[in-house]
Amino acid sequence: MQIFCGMKVSLFSKAHTLFSRVKIRTVQTIPFLAVLGFFLLFANQTGAAEPLVYPDSMAFHGKKPKESMIEARGGYQWGFHEIRWRDGDNPNSLPGPRIGPGKMVVPLDSIMFGLQGETFVSTDLALRAQVWMNITQQVQSNFYLSRIDPPPAQVPVSFQSRWDSMARVLEADVTAIYHLGLRGTPYAAGITGGFKYNNFDYSSQRTGNASGTIQNHMHVYIPYTGVYYAHNDFLGAVARLDISFSPLTILSLDAEQRLETTTTTFDGLSITGCQFGSNFEWSYAASENFLLGAVAKYDYQAVSGGVTLKTGGRSSRFSLDTWRHSVFSGISFTYLF
């Protein structure tokens, strides 16, 4: 189990390093624009797009397409959320306790469920709403903290400690999908725009020491745009792909850290960052009104801002950086009406 966990963390670390070393906006914007250009290139046919939430196969030939659906998803999520505060504005002067930099890496591995509803409000325009939430489970991780011991020691100390963490994740978004004119084809392309809301609630307790606890509460607001693709008869299945991107990520952080007799509060805010998301689904018609399928999604968020830490009557301002990677794999049940 330890070898498997180590391999998994190593893979995510390599992915994080790749995104960190390269300009993230360049890495994400170029592929996004390329995909958008591809869809626009094939949108040269006139006429309204037909609703594509209904399988276009011989079994349903001549029947009216369904224009609405409700979908339930269930599966497992792997990932982590790294939070760093660095470059404090205090002069590190003594005497007196110093607030030091630190890093937290919270695993996000857990069972996850999603619910989605979609309907066409006009010939070309569809609206979609979805929500995701997980079932929390306790996982172990390492936190890196830095401090200066109080008098009489007054010695800089950096230490790593093991924590038992539980991560509660709630995600919701509302999307408008404008379908491009591809009438008469078994596939459709569209442009999406919407708004995401994420709520992260992380509770951590130091292993072997009940007096060490950290409570993190994060609210993330993300306006985004993207592209949508669907194929109604791809090898006898319905294939759907969503890609979203945002150069704006708004985050608020409210946290409290209790280490032995020391209490530190965090008050952070960011209006800079980026987000990339992708969702792929492959479904087969089980009946006239039901689809059964498999779904996979990948999400990445990066945030840069500032955070104020207060402890022992002292206050320091730090740079705040967070990175979140998550991969979900599961099954889906879709009801068409």
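A quick yes/no check of all residues on (1) modelled with pLDDT under 95; (2) open to solvent by 50 Å² or more (accessible area, probe 1.4 Å); (3) at negative phi:
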| position | (1), (2), (3) |
| --- | --- |
| ALA189 | yes, no, yes |
| TYR197 | no, yes, yes |
| PHE200 | no, no, yes |
| SER204 | yes, no, yes |
| THR207 | yes, yes, yes |
| ILE222 | no, no, yes |
| TYR229 | yes, yes, yes |
| ASP233 | yes, yes, yes |
| THR264 | yes, no, yes |
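Per this entry, TYR178 is counted among residues that are modelled with pLDDT of 80 or more, touching a strand residue (DSSP E or B) at 6+ places or on another chain (Cβ under 9 Å) and open to solvent by 30 Å² or more (accessible area, probe 1.4 Å).
Across region 277-289, the number of residues qualifying as more than 16 Å from GLY74 (Cα to Cα), outside any loop (DSSP other than H, G, I, E, B) and open to solvent by 30 Å² or more (accessible area, probe 1.4 Å) comes to 3. Checked against the criteria, ASP254 does not count as surrounded by 15 or more Cβ atoms within 10 Å (Cβ to Cβ) and charged (D, E, K, R).
Being at pLDDT 65 or above and open to solvent by less than 20 Å² (accessible area, probe 1.4 Å) holds for only one residue in ARG73, ARG84, and it is ARG73.
Condition check ((1) hydrophobic (A, V, I, L, M, F, W, C); (2) farther than 22 Å from GLY79 by Cα; (3) modelled with pLDDT of 90 or more) across all residues:
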site	(1), (2), (3)
PRO95	no, yes, no
VAL106	yes, no, yes
ASP109	no, no, yes
LEU115	yes, no, yes
THR123	no, yes, no
ALA153	yes, yes, no
PHE159	yes, yes, no
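What residue, among those in region 266-310 that are closer than 30 Å to VAL238 by Cα and of a type in the set (Asp, Glu), is modelled with the lowest pLDDT? Looking at residues that are closer than 30 Å to VAL238 by Cα and of a type in the set (Asp, Glu), I get GLU288. Scanning region 290-302 for residues that are in contact (Cβ under 8 Å) with a residue 40 or more places away in the chain and open to solvent by 40 Å² or more (accessible area, probe 1.4 Å) yields PHE290, LEU292. For region 96-132, what are the residues that are of a type in the set (A, V, I, L, M, F, W, C) and assigned to a loop (DSSP other than H, G, I, E, B)? Matches in region 96-132: LEU108, VAL121.
The values are calculated or read from the model by the stated rules, or taken from the named source; none is laboratory data. All values derive from a computational prediction rather than experimental measurement. FYI the Cβ positions are ideal-geometry reconstructions off the backbone, even for glycines, and counts take in every protein chain you see. Keep in mind that these areas ignore ligands, DNA and RNA; they rest on the heavy atoms of the full protein, side chains included. Shrake-Rupley method; radii C 1.70, N 1.55, O 1.52, S 1.80 Å.
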